[in-house]
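**Student:** Sharing a structure here in structure tokens format.
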Amino acid sequence: MKTLRMAAIAAAFATASLTFAQADTLKAEGGSAAGLSALVPQLLSKYAAPGHEIRVNVDQTLTRAALKVATGAIDMASTPAGAFSRMRVGKGPYKDLGQEAIDASENIRALFSFLGGHIHVMTYEDSGIESWEDIKGKRVFVGPPAGSASAQTTKLIQSITGFKANEDYEAIKLAWSAASQAFEDGKFDVFMRTGTMGSAAVDQYGAAKKFRLLGIPEEVLGTDAWNDYLSTPGYAADTLPAGSYSNQVNNDEDLLATAYVMFLSVNKDMDDDVAYQLTKAMFENLDDAHAVNQGLAPLTLDNAFVSLGARLHPGAIRYYEEMGVSVPDNLRGGS
């Protein structure tokens, strides 16, 4: 099976340049429909100039989407910064591919980075779970089988409680769509759900009965375990303000939640003018993007490279230089 995957990747590399040279319609992939990983490419499809039609497929596993970008199977994707850091060394979700993943990472370039959203640690009010310690012995959905979310959620739990997956609690892995239905059906006790701040899709889980969100305890902040967690590429923390969700039982308090950084990835062989126009389209429509979702407020020209480990596409660099934005040397290099 591994050999077949490697062969498929190698064959796709050989045709990647043809994909970009001949494509009239750009293909993009995003993650959970409730998150910014889906919204950002969808907004870009709205802002793109005539002749740059973008078709977006959401609810995709973004670690796989990054490989598709690298091989030219699709033109762009929202890519978790943390997953890309593992791709570059052939570890984590890419460990079975090893060197092939490392080689694939060399084909990926970035247009800009953005705060992808927050991980909502959800449990129904009647579950009896009111603290992180109550997770012990419970069934916890941690993310899709092949995605990067599960690596972040299991590390988050361990950094706060010391609990290890499948030793202190049962770690459940399902596709996002299946997980949503399973949570509503009571198939697990805790739902580590990605989503934008104040998302109606998140609030909808409490339509029948209210849910509780577990915030990061104040006593954890500043510990070695928490500092180690935040040192992981792409991992961040942000405040979910009180009142963000009407169906949240403890919505009378601000909660610190973990967040994750993403970037819009493209293949290095994307035409420079196309990459330039796409980058320009996004930043020329920031007022609209910020109005659509408050979670996009951190996305500005000044913050276009936050936690970015992938090199920028030359077309994107051209736009930033036109706008007087200083591009760090480590984000340059190669076409």
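**Student:** Would you check if I74 is at pLDDT 95 or above, farther than 25 Å from A259 by Cβ and in contact with a helix residue (DSSP H, G or I) (Cβ under 6 Å, 6 or more places away or on another chain)? Full working, then the answer.
**Tutor:** Values: at pLDDT 95 or above: yes; farther than 25 Å from A259 by Cβ: yes; in contact with a helix residue (DSSP H, G or I) (Cβ under 6 Å, 6 or more places away or on another chain): yes.
Taking the combined requirement at face value, the residue satisfies it.
**Student:** Quick check on my filter: what residues within region 97-112 are open to solvent by less than 50 Å² (accessible area, probe 1.4 Å) and charged (D, E, K, R)? Show your work before the answer.
**Tutor:** At the first step, the residues of region 97-112 found to be open to solvent by less than 50 Å² (accessible area, probe 1.4 Å) are 97-98, 101-102, 104-105, 107-112.
Scanning region 97-112 gives a single hit, R109.
**Student:** Based on this model, can you work out whether D271 counts as open to solvent by 40 Å² or more (accessible area, probe 1.4 Å), under 17 Å from A38 (Cα atoms) and of a type in the set (D, E, K, R)? Outline the logic, then answer.
**Tutor:** Values: open to solvent by 40 Å² or more (accessible area, probe 1.4 Å): yes; under 17 Å from A38 (Cα atoms): no; of a type in the set (D, E, K, R): yes.
Answer is no for this residue.
**Student:** Those residues that are of a type in the set (A, V, I, L, M) and touching a residue at least 60 places away in the same chain (Cβ under 8 Å), I need them from region 150-174; list them, please. Walk me through it before giving the result.
**Tutor:** First, pick out the residues of region 150-174 that are of a type in the set (A, V, I, L, M): 151, 156-157, 160, 165, 171-172, 174.
Passing the criteria: A151, L156, I160.
**Student:** Just to be sure I understand, how many residues within region 308-335 are open to solvent by less than 60 Å² (accessible area, probe 1.4 Å) and either under 18 Å from S78 (Cβ atoms) or not in a loop (DSSP other than H, G, I, E, B) (or both)?
**Tutor:** Residues of region 308-335 open to solvent by less than 60 Å² (accessible area, probe 1.4 Å): 308-310, 312-317, 319-320, 325, 327-328, 331, 333-334.
From what's left, either under 18 Å from S78 (Cβ atoms) or not in a loop (DSSP other than H, G, I, E, B) (or both): 308-310, 312-317, 319-320, 331.
Residues that pass the stated criteria total 12.
**Student:** Taking L256 and the conditions (1) open to solvent by 40 Å² or more (accessible area, probe 1.4 Å); (2) within 20 Å of G31 (Cα to Cα); (3) assigned to a strand (DSSP E or B); (4) of a type in the set (A, V, I, L, M), which numbered condition does it fall short on, given that it satisfies the others?
**Tutor:** (2)
**Student:** Given the criterion touching an Asp or Glu at 6+ places or on another chain (Cβ under 7 Å), closer than 25 Å to A38 by Cβ and open to solvent by less than 50 Å² (accessible area, probe 1.4 Å), identify the matching residue among F211, F183. Quick ask: steps written out before the conclusion?
**Tutor:** Working: F183 fails: touching an Asp or Glu at 6+ places or on another chain (Cβ under 7 Å).
Of the residues listed, the single one that is touching an Asp or Glu at 6+ places or on another chain (Cβ under 7 Å), closer than 25 Å to A38 by Cβ and open to solvent by less than 50 Å² (accessible area, probe 1.4 Å) is F211.
**Student:** Can you pull out every residue in region 276-297 that is open to solvent by 60 Å² or more (accessible area, probe 1.4 Å) and either under 19 Å from the mean Cα position of the chain (by Cα) or closer than 18 Å to A200 by Cα (or both)?
**Tutor:** A291, V292, Q294
**Student:** Do you know which of the residues in region 27-60 that are among the polar types (S, T, N, Q) and surrounded by 20 or more Cβ atoms within 10 Å (Cβ to Cβ) is nearest to L296 (Cα to Cα)?
**Tutor:** Keep residues of region 27-60 that are among the polar types (S, T, N, Q), which gives 32, 37, 42, 45, 57, 60.
Filter again for surrounded by 20 or more Cβ atoms within 10 Å (Cβ to Cβ), leaving 32, 37, 60.
Values: S32: 16, S37: 11, Q60: 20 Å.
Result: S37.
The values are calculated or read from the model by the stated rules, or taken from the named source; none is laboratory data. All of these numbers come straight from a predicted model, not from anything done at the bench. Glycine also receives a Cβ, built like all others from the backbone with ideal geometry; neighbour counts cover every protein chain displayed. SASA here: full protein model, heavy atoms, side chains in, ligands and nucleic acids out. Shrake-Rupley method; radii C 1.70, N 1.55, O 1.52, S 1.80 Å.
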